[in-house]
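Report on the following structure.
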Amino acid sequence: MSGQPLRVGTRGSALARWQTGRVCQALEGGGVATETIEIRTTGDLAPEVPLARLADPALFTRQLDEAMLEGRIDLAVHSLKDLPTALPPGIVLAAVSAREDARDALVSRDGRSFADLPPGAVIATSSLRRRAQIRRARPDLEVVETRGNVDTRIAKLDRDPALAATMLAVAGLVRLGLGNRISERLPLTLMLPAPGQAALAVTAREGDTRAIDAARRAVHEDHAALAVAAERALLNHLEGGCEVPVGAYAEVIDPASLGQRPGPRVIRLRARVVSLDGRQAVEGHQAEPVSRPEQAEAMGRALAA
């Protein structure tokens with residue numbers, strides 16, 4: 001490996017370090033040396049405060065952005081769903097990784113599915129998006145607030161007999177080797193994921209061509225990037241964030257499945273906005289040929305409108 005190591009910033013959770021480790025492994029596989037630097041974010045410093053109360057779109061990214069702009073790190077690795085749709089001046093999205101399973105997972109005490117949870121059962125989640133969709137599907141269930149990393153939330157479930165289940169991203173559980181704890185991978189008809197869920201984002205300083213090029217070569221996946229561009233544009237147009245219950249999922253599909261002739265890639269985008277009490281919901285879908293991020297973003301804005 002040649003040249004100075006690229007300094008890669010990460011949050012300190014087990015999942016964040018796993019994700020950063022995967023990106024560093026890819027970079028080093030391409031001949032680029034790396035050094036990992038751990039940085040605590042606002043979200044890490046206030047682990048018991050509900051996300052909606054903090055109401056900060058840069059909750060898990062601000063300190064990493066500051067370190068980047070101050071020249072203390074060259075790249076930062078984020079769960080893409082945590083990345084604000086508008087990045088600070090001087091920060092660019094250098095690469096989007098291939099996507100894991102984007103669905104949400106039910107982790108229940110006794111392995112029951114969502115439909116089999118008894119009336120009045122208590123589900124813990126920190127996400128307003130999940131809370132609203134749970135209430136939409138099962139108003140008979142009780143939803144309570146929880147915070148913490150993946151392992152912390154599972155530990156809370158295991159030690160608190162009042163909790164019947166918790167909800168987490170499938171991708172995070174699988175990445176941490178906890179796939180065996182998944183009771184059900186929730187269908188999209190029930191639970192649309194957060195925009196960008198299950199993809200990794202690598203950010204860099206604007207103009208730092210060495211870092212940007214290295215991240216793009218090692219990590220970037222075109223299909224995932226197009227899909228999340230549509231989802232993030234939709235979220236941005238709805239002015240959504242942690243405090244708004246928006247679910248969205250885009251996928252690249254074969255035009256033949258839509259009865260079309262072979263041609264450009266088709267993106268199918270589904271989205272849902274649900275009231276906090278679950279009683280009202282607006283949802284829709286759109287499918288269009290898309291070959292560039294700008295087209296995917298226009299599609300997201302159109303469905304949002």
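The values are calculated or read from the model by the stated rules, or taken from the named source; none is laboratory data. Predicted model only: the values in this text are computed from it and were never measured. FYI the Cβ positions are ideal-geometry reconstructions off the backbone, even for glycines, and counts take in every protein chain you see. Only protein heavy atoms, including side chains, enter the accessible area calculation; ligands, DNA and RNA are left aside. Shrake-Rupley method; radii C 1.70, N 1.55, O 1.52, S 1.80 Å.
Think of the chain as having a plus end and a minus end, set by charges on the Cβ of Lys, Arg, Asp and Glu; of 273, 180, 13, 180 sits farthest toward the positive end of this dipole. Solvent exposure of segment 77-179 amounts to 38 Å² per residue of accessible area, where only protein heavy atoms count and the probe is 1.4 Å. In terms of packing, defined here as the mean over residues of other Cβ atoms within 10 angstrom, the peptides 175-188, 223-236, 281-294 line up highest first as 223-236, 175-188, 281-294. Estimated purely from DSSP H runs of n ≥ 4, each contributing -39500 (n - 2.57), the mean residue ellipticity at 222 nm for the chain is -9000 deg cm²/dmol once divided by its residues.
Between residue 69 and residue 98, the simple spin-label model (points 7 angstrom out along Cα→Cβ) gives 3.5 nm.
Contact order, relative form, for segment 93-237: 43 percent (alpha carbon pairs under 8 Å, 6 or more residues apart, mean separation divided by residue count). With each label modelled as a point 7 angstrom along the Cα→C-beta vector, the residue 174-residue 237 pair spans 2.9 nm.
Computed about its Cα centre, the charge dipole of segment 181-248 is approximately 240 debye, with only Lys, Arg, Asp and Glu carrying charge at their Cβ. Relative contact order, whole percent, for the chain stands at 21, derived from Cα pairs under 8 Å and 6 or more residues apart. Once the Cβ-Cβ distance of residue 18 and residue 305 is raised to the sixth power relative to R0 = 41 Å, the FRET efficiency obtained is 0.65.
Net charge dipole, segment 114-163: roughly 300 debye, given to the nearest 20, about the Cα centre with Cβ charges of +1 for Lys and Arg and -1 for Asp and Glu. Summarising the strand pairing of the chain, around 70 percent of its internal DSSP beta bridges are antiparallel.
Could you compute the net charge surrounding residue 92? Neighbours are other residues with a C-beta less than 9 Å from the C-beta of residue 92; K and R count +1, D and E count -1.
Value of the local net charge: -1.
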